[in-house]
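The numbers here are math on the coordinates, done by the rules we state, and not lab data. The structure presented is a predicted model; accordingly, all values stated were derived computationally and were not measured. In this analysis, Cβ positions are derived from the backbone assuming ideal geometry, glycine residues included, and neighbour counts consider all displayed protein chains.
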Amino acid sequence: MMVLDGKIASAAVKEQLKQQTEQLRAAGKRAPHLAAILVGTNGASETYVASKVRNCEEVGFGSTLVRLEENVAESALLEAIQALNDDPGVDGILVQLPLPKQISEQKVIEAINPAKDVDGFHPSSVGKLVQGLPSFIPATPYGIMLMLEHFNIDTKGKHAVVIGRSNIVGRPMSILLSSNLAYGNCTVTICHSHTKNLAAFCTQADILVAALGRPEFVKADMVKPGAIVIDVGITRVEDATAKKGFRIKGDVAYAEVAPKTAAITPVPGGVGLMTIAGLLKNTLAAYQART
Ligand code: NAP
């Protein structure tokens, strides 16, 4: 069994980005710049945004963090996005999800200039992705594709089962894995909460992507021996024995599943790190398209 270590794969991507940024600076050009908007003080969102900003620094990108109050009006958030759309020094914009109830996520996603849509959630980016045109790919599925590439996982002709059909993970993942790409060309089954006999589909999977947000849902008897298992789940589970009062759990019961697999991503230390790598690559692509 091989551990698909996100630290190793993301470090390789980031090293490349760092070198590309150094070359830009050496040529007298500015560095790519990512702007993040964080609404409220949700603990997990704070952690994710802080990590994105820190990773920008690591590869030499500029970054801006715009903080807005939890009770901010939708119009004020849309104005903040417009200001970043208009700022020629900003290449990529992300608004950390989820957003408070008074704000329409769809309106926010559509307010971002598609040329700066580094999260790849704008309908224009999604449409291009579906048609196989160059586009910003949502960072988590993009990161998973980068991981498959880094570890040279053979995907051609394999049966991939994706659990979850969200716009940010499951659906784009299913599109990428079924696309005619070097690390695509799978036959893909996409499962969701209405799938009958989910375990029967999972046990047929050569590649199983779990993105449902249910801690340790995938058990050993749901996994085909020798499968590649990609665990996207990140759930904070209360644990009084943990320093922070919680532990991060994936969607896969790692201890019992890992020995059955050919390769598996750990949580933490797997897909989460690759998501940031995907975001940074999108930011460089946005910069290159704009300069
Ligand atoms: P989401 O929007 O809640 O979508 C969950 C999907 O799973 C839905 O399609 C849902 O089906 C399906 N589902 C839920 N329970 C199910 C069940 N019992 N059986 C089969 N399908 C089920 O979640 P998301 O945003 O895609 O995120 C999924 C997980 O990935 C979460 O733990 C999230 O924190 C994590 N995540 C991690 C990263 C990372 O960087 N590692 C990035 C993003 C998200 P329906 O459509 O029928 O409701």
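Using Cα positions and a limit of under 17 Å, work out the lysines in reach of Lys158, with same-chain residues fewer than 8 apart set aside. Qualifying lysines at Cα under 17 Å: Lys224.
As a rough footprinting exposure proxy, the listed residues His194, His150, His159 were ranked by other beta carbons within 10 Å of their own, and the order from fewest upward is His194, His159, His150. Helix 139-150 and the longest principal axis of the C-alpha atoms of the chain enclose an angle of approximately 60°. For the range 98-113, the Karplus equation 6.51 cos²θ - 1.76 cosθ + 1.60, evaluated at θ = phi - 60°, returns couplings of x, 10, x, 4, 6, 10, 7, 4, 5, 4, 5, 4, 6, 7, 6, 4 Hz by residue, with Gly and Pro reported as x. Among Gly278, Gly270, Gly40, the largest mean-square fluctuation in a Gaussian network model of the chain, built with springs joining Cα atoms closer than 10 Å, belongs to Gly40.
The aspartates and glutamates within cross-link reach of Lys260, meaning a Cα-to-Cα straight distance under 20 Å and a gap of 8 or more places when in the same chain, are Asp5, Asp154, Asp206, Glu216, Asp221, Asp231, Asp251.
Over the chain, Cα pairs under 8 Å with separation of 6+ residues give a relative contact order of 21 percent. Annotation: amide H of Leu68 within the under-5 Å range of Leu38, Val39, Gly40, sequence separation 5 or more or interchain, hydrogens built in the peptide plane. Applying a DSSP loop filter and a limit of 13 other Cβ atoms within 10 Å to the trypsin sites (Lys or Arg not before Pro) in the range 91-136 leaves Lys101. Stretched out straight at 0.36 nm per residue, the stretch from Ala240 to Lys156 would grow longer than its current Cα-Cα span by 25.8 nm. Neighbour counts of other Cβ atoms within 10 Å put Asp117, Asp86, Asp91 in the fewest-to-most order Asp86, Asp117, Asp91. Using a cutoff of 8 angstrom between alpha carbon atoms and counting only pairs six or more residues apart, the relative contact order for the range 142-291 works out to 21 percent. Within straight-line reach of Lys116, meaning a Cα separation under 23 Å, sit the following lysines at least 8 residues removed in sequence or on another chain: Lys14, Lys18, Lys29, Lys52, Lys107, Lys128, Lys281.
Using only Cα atoms, tell me the angle between helix 271-290 and the longest principal axis of the chain; keep it within 0 to 90° and round to the nearest 10. Once rounded, the angle reads 40 degrees. Taking the DSSP beta bridges with both ends in the chain, the antiparallel portion is around 10 percent. Taking the fewest neighbouring Cβ atoms within 10 Å as the starting point, the ordered list for Met222, Met274, Met1 is Met1, Met222, Met274. Using θ = phi - 60° in the Karplus curve 6.51 cos²θ - 1.76 cosθ + 1.60, the 3J(HN,Hα) couplings for the range 71-82 round to 9, 4, 6, 4, 4, 5, 5, 5, 5, 5, 5, 4 Hz; x is entered for Gly and Pro. Taking Cα atoms only, the orientation of helix 43-59 departs from the longest principal axis of the chain by about 70 degrees. Comparing Gly143, Gly226, Gly272 in a Gaussian network model of the chain where C-alpha atoms under 10 Å apart are linked, the largest mean-square fluctuation is found at Gly226.
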